[in-house]
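One structure is given here, and the rest of the page talks about it.
The values are calculated or read from the model by the stated rules, or taken from the named source; none is laboratory data. Predicted model, so just to flag it, every value in this text is computed and none were measured. Every residue, glycine as well, gets a Cβ built from its backbone with ideal geometry; the counts of neighbours run over all protein chains shown. Side chains are part of the model used for accessible areas, which takes the heavy atoms of the whole protein and leaves out ligands, DNA and RNA. Shrake-Rupley method; radii C 1.70, N 1.55, O 1.52, S 1.80 Å.
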Amino acid sequence: MEEVVATRTGNTNTAARPWHRAENAFAGALLALTALLPLAEGAGRLVGVGNLIPGSIPLVQHLTLLIAVAGGAIAARDRKLLALSTATFLPERFKKPAQVVSAMVGVSVCACLAYGSWTFAMVEREAGDIVAFGLPVWVFVWAMAPGFAVLGLRMAWNGSPSLAGRAICLAGVIVPIALASWESLGELPLLQYGALALLGSAVLGMPIFAVIGGLAALLFWYEYTPVTAVPLAAYQLSGQPLLPAIPLFTLGGYILAEGGASQRLVRVFSTWLGWLPGGLAVTTTVAFAFFTSFTGASGVTILSLGGLILPVLVKWRVWRAREGGGL
């Protein structure tokens, strides 16, 4: 009965909650493992053991790739993929068709990237390279294929509330198939029309990752380069030694926020600087600068303090609205 009510009201979270919890648990396990491996490595150096876990560094780098895949799937599920617009500027009668169009183009990009990831994984499988503990590289690379597939399916599901609209969104899979079989690759208008379609879809609300990935795939296709080059570039980026710091510092920021550190940090600087004109903005800026002195990187500080400062700013905004003050 509960599932029927959820279906009629358009709220399917009740029926899908176990799967959602499994996704969240998987992403949390990846983050925990990514954090524990460097800690164990550092502990080994402190006690003089040295390399306590052989292969921990490349394993952490490949776990970062899995975190990106899992995080993208969860963001698509919760409709929190980063986009430039949500088509709020359109009249009400045009919003739903615009969502369908942008979702259809996004599905096309995801289908193209999923195929490229699967092809890249098969190449790595033949190479037989090992990350650590006998885990082959192709397993981590292959994870991008179902990841992009899930992104495309969820974009189609969120693109329209009706089955007909979702079917239209899924029809975007035809586009990469048509491009793969296109014989005349030298027609410049086709490249221009594809770029305009991607940029127009970005204005209508297509996620940024689909815009960037779609433009990259389109340009590679025009230069007779296999679409495998796009997931290859993503894999090479995940191999950067500093990249795991992004999810780890973000996780640290949320842990500090849950522990109340955001309120205490802002309370201290608000006491010192809150009396100034624009005191909240000054307090936030100084808090960011203070945290940067510990991280050494402003970009990482922004990622970490986003989850730390945002709850405070939201509560301040609500309080100011209740008091009748300016926002």
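Checking THR64 against (1) closer than 19 Å to LEU242 by Cβ; (2) at pLDDT 85 or above; (3) open to solvent by 50 Å² or more (accessible area, probe 1.4 Å); (4) not acidic (Asp, Glu), only one condition comes out false. Which one?
Every listed condition holds for THR64 apart from (3).
Taking the stretch 201-212 as the search range and keeping residues that are over 15 Å from GLY172 (Cα atoms) and touching a helix residue (DSSP H, G or I) at 6+ places or on another chain (Cβ under 8 Å), which one is surrounded by the fewest Cβ atoms within 10 Å (Cβ to Cβ)? Talk me through it step by step, then tell me what you get.
Step one: list which residues in the stretch 201-212 are over 15 Å from GLY172 (Cα atoms), which gives 202-205, 207-209, 212.
Within this subset, residues satisfying the condition of being touching a helix residue (DSSP H, G or I) at 6+ places or on another chain (Cβ under 8 Å) are 202, 204-205, 207-209.
Numbers: ALA202: 22, LEU204: 24, GLY205: 22, PRO207: 25, ILE208: 12, PHE209: 21.
Only one residue tops the list, namely ILE208.
Identify all residues within the stretch 117-158 that are among the aromatic types (Phe, Trp, Tyr) and assigned to a helix (DSSP H, G or I); write none if there are none.
So in the stretch 117-158, the residues among the aromatic types (Phe, Trp, Tyr) come out as 118, 120, 133, 138, 140, 142, 148, 157.
TRP118, PHE120, TRP138, PHE140, TRP142, PHE148, TRP157, listed by residue number.
Scan the stretch 93-115 and tell me whether some residue there is assigned to a helix (DSSP H, G or I) and touching an Asp or Glu at 6+ places or on another chain (Cβ under 6 Å). Spell out how you get there, then give the answer.
Within the stretch 93-115, the first condition is being assigned to a helix (DSSP H, G or I), and the residues that meet it are 93-115.
Next cut, touching an Asp or Glu at 6+ places or on another chain (Cβ under 6 Å) only: none.
Looking for residues that are assigned to a helix (DSSP H, G or I) and touching an Asp or Glu at 6+ places or on another chain (Cβ under 6 Å), one finds none in the stretch 93-115, hence no.
On the given criteria, is ALA114 open to solvent by less than 60 Å² (accessible area, probe 1.4 Å), without any contact (Cβ under 8 Å) to a residue 40 or more places away in the chain and touching a Phe, Trp or Tyr at 6+ places or on another chain (Cβ under 9 Å)?
Numbers: open to solvent by less than 60 Å² (accessible area, probe 1.4 Å): yes; without any contact (Cβ under 8 Å) to a residue 40 or more places away in the chain: yes; touching a Phe, Trp or Tyr at 6+ places or on another chain (Cβ under 9 Å): yes.
Here the answer is yes, as ALA114 does meet what is asked.
Between residues in the stretch 133-147 that are within 10 Å of HIS62 (Cα to Cα) and residues that are surrounded by fewer than 16 Cβ atoms within 10 Å (Cβ to Cβ), which pairs lie under 8 Å by C-beta distance while being six or more apart or on different chains?
From residues that are within 10 Å of HIS62 (Cα to Cα), the pairs are VAL137/ALA127; VAL137/ASP129; VAL137/ILE130.
Which one is farthest from the chain's Cα centre (by Cα), of the residues in the stretch 276-314 that are of a type in the set (Ser, Thr, Tyr) and either part of a loop (DSSP other than H, G, I, E, B) or modelled with pLDDT under 75 (or both)?
Kept after step one, since they are of a type in the set (Ser, Thr, Tyr), are these residues of the stretch 276-314: 283-285, 292-293, 295, 298, 301, 304.
Still in the running and either part of a loop (DSSP other than H, G, I, E, B) or modelled with pLDDT under 75 (or both): 292-293, 295, 298, 301, 304.
Working: THR292: 24, SER293: 27, THR295: 23, SER298: 20, THR301: 18, SER304: 15 Å.
Only one residue fits best here, namely SER293.
Those residues that are in contact (Cβ under 8 Å) with a residue 60 or more places away in the chain, of a type outside the set (Ser, Thr, Tyr), more than 22 Å from LEU198 (Cβ to Cβ) and in a helix (DSSP H, G or I), I need them from the stretch 39-68; list them, please.
The answer is ILE57, PRO58, LEU59, VAL60, GLN61, HIS62, LEU63, LEU65, LEU66, ILE67.
Return the total of residues in the stretch 123-137 being surrounded by 15 or more Cβ atoms within 10 Å (Cβ to Cβ) and not charged (D, E, K, R).
Filtering the stretch 123-137 down to residues surrounded by 15 or more Cβ atoms within 10 Å (Cβ to Cβ) leaves 124-125, 131-132, 136-137.
After this cut, where a residue has to be not charged (D, E, K, R) as well, the list is 131-132, 136-137.
Count: 4.
How many residues are open to solvent by less than 50 Å² (accessible area, probe 1.4 Å) and either more than 11 Å from GLY116 (Cα to Cα) or not hydroxyl-bearing (Ser, Thr, Tyr) (or both) if we restrict to the stretch 226-236? Outline the logic, then answer.
Within the stretch 226-236, the first condition is being open to solvent by less than 50 Å² (accessible area, probe 1.4 Å), and the residues that meet it are 227-231, 234-235.
So of that shortlist, the ones also either more than 11 Å from GLY116 (Cα to Cα) or not hydroxyl-bearing (Ser, Thr, Tyr) (or both) come out as 227, 229-231, 234-235.
Qualifying residue count for the region: 6.
What's the number of the condition PRO161 fails, among (1) assigned to a helix (DSSP H, G or I); (2) open to solvent by 30 Å² or more (accessible area, probe 1.4 Å)?
For PRO161, the exception is condition (1).
Checking ALA70 against (1) surrounded by fewer than 17 Cβ atoms within 10 Å (Cβ to Cβ); (2) of a type in the set (Gly, Ala, Ser); (3) over 27 Å from GLY200 (Cβ atoms); (4) at pLDDT 85 or above, which single condition isn't satisfied?
With (1) surrounded by fewer than 17 Cβ atoms within 10 Å (Cβ to Cβ); (2) of a type in the set (Gly, Ala, Ser); (3) over 27 Å from GLY200 (Cβ atoms); (4) at pLDDT 85 or above applied to ALA70, the lone miss is (1).
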